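Undergrad: Once you've had a glance at the structure underneath, I'll fire off some questions.
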Amino acid sequence: EQTVRELRYNLARDYMDAGRHQEAATLLEPLLAKWPDEYRFAIHLATCYQALERIAEARRVIDEVLERKGGNARAAQEKLAALQKTYDGKKPDELSDEQKLELHTLRREAGWNPYALEFLLGSLCFAEENDDEALAHLRKAEQSDANQPGLHVKIGEVYLRMKRPADAERSFTRAIGIDPECAPAHLGLCRSHLAERRSRDAAEAALKAVGLQYFNPFGHFLLGVALHRLNRLDRAVQALQVAVAQNPNYVLAHRRLALIYDRRLRDPDRAAEHSRLAAAAQERLAELSAARGVGAATPTAEELAVAGPPQVSGLPARE
């Protein structure tokens, strides 16, 4: 039974790595229900809920795991203290295998993983648009483990929404220093440059990101924005066409194409076509949002250029 459990957990993690969070959540929900003290199930289920914009459910899972973990940790600490008095003066090799296992289990239960919990709380507060609290939690996570590139990407995202692009740039640069092939960090750097109107630097960062991860509609969109600002219209159109080819529901990319065709390339037919495609995509997204019970946001292209990236995990790749 434990083997099957671990196989399902690992499959869920693979789904998460592939961006298939609904399928991952479907696997994690029964695992958490049956093994509520396996906190990793709760942490990753909450991460899935965040990716699916089910923020209230993510908050419920985290609040429940914090309450349960707190109670279990206190109980384990009391048992551990009593056992240590019982075994006082004994050498480790004088204990039986069962006694050693009991001590190991209690020590694990009595401890916390401050990094994972603080990172998740920070991400959750960010999703709830509480940036100051999000930054406070993420800074605590950084004190526990500063070598996770996803953590610095998330901190950069918070700074971007706080309209602090210079601080965001430092965070994304730090992530790249840890993992030069972290595509989300290069995208974050691109967004920082766009916010400061550094279009050439933004284009270079976006090119690096899509070079590392070609199937990346958001990256191709940002590249198109930067090239549009640089008046490289043919290349901007090419980048935006890749974005809508990879994601036909990319409303903002269709709108940007309509704008370029209408005002710069003087091609009203193509402008009208992309306007129509943008409207159809917006309608499809509204239907999907209604089915999921979340609101359909309609930011402008400029707003998305500096905010609203895909979900990025700062949790360790595997436990």
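The values are calculated or read from the model by the stated rules, or taken from the named source; none is laboratory data. All of these numbers come straight from a predicted model, not from anything done at the bench. Note that each Cβ is placed from the backbone with ideal geometry, even for glycine, and that neighbours are counted across all protein chains shown. Heads up: the accessible areas ignore ligands, DNA and RNA and are worked out on the full protein's heavy atoms, side chains in. Shrake-Rupley method; radii C 1.70, N 1.55, O 1.52, S 1.80 Å.
Undergrad: Being assigned to a helix (DSSP H, G or I), open to solvent by less than 90 Å² (accessible area, probe 1.4 Å) and in contact (Cβ under 8 Å) with a residue 40 or more places away in the chain is the requirement here; does ARG59 meet it?
TA: For ARG59, the condition - assigned to a helix (DSSP H, G or I), open to solvent by less than 90 Å² (accessible area, probe 1.4 Å) and in contact (Cβ under 8 Å) with a residue 40 or more places away in the chain - is met.
Undergrad: When you go through ARG198, ARG263, ARG235 one by one, which is the residue that is within 22 Å of ALA166 (Cα to Cα) and free of Cβ contacts under 8 Å to residues at least 12 places away in the same chain? So that I can check it myself, show each step before the final result.
TA: Values: ARG263 fails: within 22 Å of ALA166 (Cα to Cα); ARG235 fails: within 22 Å of ALA166 (Cα to Cα).
Going through ARG198, ARG263, ARG235 in turn, just one is within 22 Å of ALA166 (Cα to Cα) and free of Cβ contacts under 8 Å to residues at least 12 places away in the same chain: ARG198.
Undergrad: List the pairs whose first member sits in the range 266-293 and is over 14 Å from ALA253 (Cβ atoms), whose second member is modelled with pLDDT under 95 and open to solvent by 80 Å² or more (accessible area, probe 1.4 Å), and whose Cβ atoms are under 8 Å apart, counting only residues at least 6 apart or on separate chains?
TA: Close Cβ pairs satisfying both conditions: ARG292/GLU53.
Undergrad: Continuing with this model, one more query. List pairs: first in the range 24-38 and at negative phi, second in a helix (DSSP H, G or I) and small (Gly, Ala, Ser), Cβ under 6 Å, 6+ apart or cross-chain?
TA: ALA24/ALA12; LEU27/ALA12; LEU28/ALA12; LEU32/ALA42
Undergrad: Being surrounded by 18 or more Cβ atoms within 10 Å (Cβ to Cβ), of a type outside the set (Asp, Glu), touching a His at 6+ places or on another chain (Cβ under 8 Å) and within 19 Å of ARG8 (Cβ to Cβ): is that true of ALA46 here?
TA: Considered against the rule, which asks whether it is surrounded by 18 or more Cβ atoms within 10 Å (Cβ to Cβ), of a type outside the set (Asp, Glu), touching a His at 6+ places or on another chain (Cβ under 8 Å) and within 19 Å of ARG8 (Cβ to Cβ), ALA46 comes out as no.
Undergrad: Further, regarding this structure: Where residues in the range 90-108 are hydrophobic (A, V, I, L, M, F, W, C) and open to solvent by less than 100 Å² (accessible area, probe 1.4 Å), which of them is farthest from GLN77 (Cα to Cα)?
TA: Restricting to residues being hydrophobic (A, V, I, L, M, F, W, C) and open to solvent by less than 100 Å² (accessible area, probe 1.4 Å), the top hit is LEU95.
Undergrad: Return the residues of the range 109-150 that are among the acidic types (Asp, Glu) and open to solvent by 50 Å² or more (accessible area, probe 1.4 Å); say none if nothing qualifies. Give the steps one after another, and end with the answer.
TA: Going through the range 109-150, the residues among the acidic types (Asp, Glu) turn out to be 109, 118, 128-129, 131-133, 142, 145.
GLU128, GLU129, ASP132, GLU133 - these are the residues of the range 109-150 that are among the acidic types (Asp, Glu) and open to solvent by 50 Å² or more (accessible area, probe 1.4 Å).
Undergrad: Taking LEU212 and the conditions (1) within 20 Å of GLN282 (Cβ to Cβ); (2) of a type in the set (A, V, I, L, M, F, W, C); (3) open to solvent by 40 Å² or more (accessible area, probe 1.4 Å), which numbered condition does it fall short on, given that it satisfies the others?
TA: Result: LEU212 passes all but (1).
Undergrad: Given the residues ALA134, ALA116, which is the only one that is assigned to a helix (DSSP H, G or I) and modelled with pLDDT under 85?
TA: Within the list ALA134, ALA116, the selection yields ALA116.
Undergrad: For the range 62-89, how many residues meet the condition of being surrounded by 11 or more Cβ atoms within 10 Å (Cβ to Cβ) and outside any helix (DSSP H, G or I)?
TA: 1
Undergrad: I'd like to check something: does the range 274-295 contain any residue that is of a type in the set (Lys, Arg) and modelled with pLDDT under 95?
TA: Checked the range 274-295: at least one residue is of a type in the set (Lys, Arg) and modelled with pLDDT under 95.
Undergrad: Got a number for residues in the range 153-175 being of a type in the set (Lys, Arg) and surrounded by 24 or more Cβ atoms within 10 Å (Cβ to Cβ)?
TA: So the count comes out to 1.
Undergrad: Another question, then. Looking only at the range 222-261, how many residues end up being within 21 Å of GLN282 (Cβ to Cβ) and not in a helix (DSSP H, G or I)?
TA: 4
Undergrad: Every residue in the range 205-221 that is hydrophobic (A, V, I, L, M, F, W, C) and outside any helix (DSSP H, G or I), please.
TA: Within the range 205-221, PHE215 is the sole residue that qualifies.
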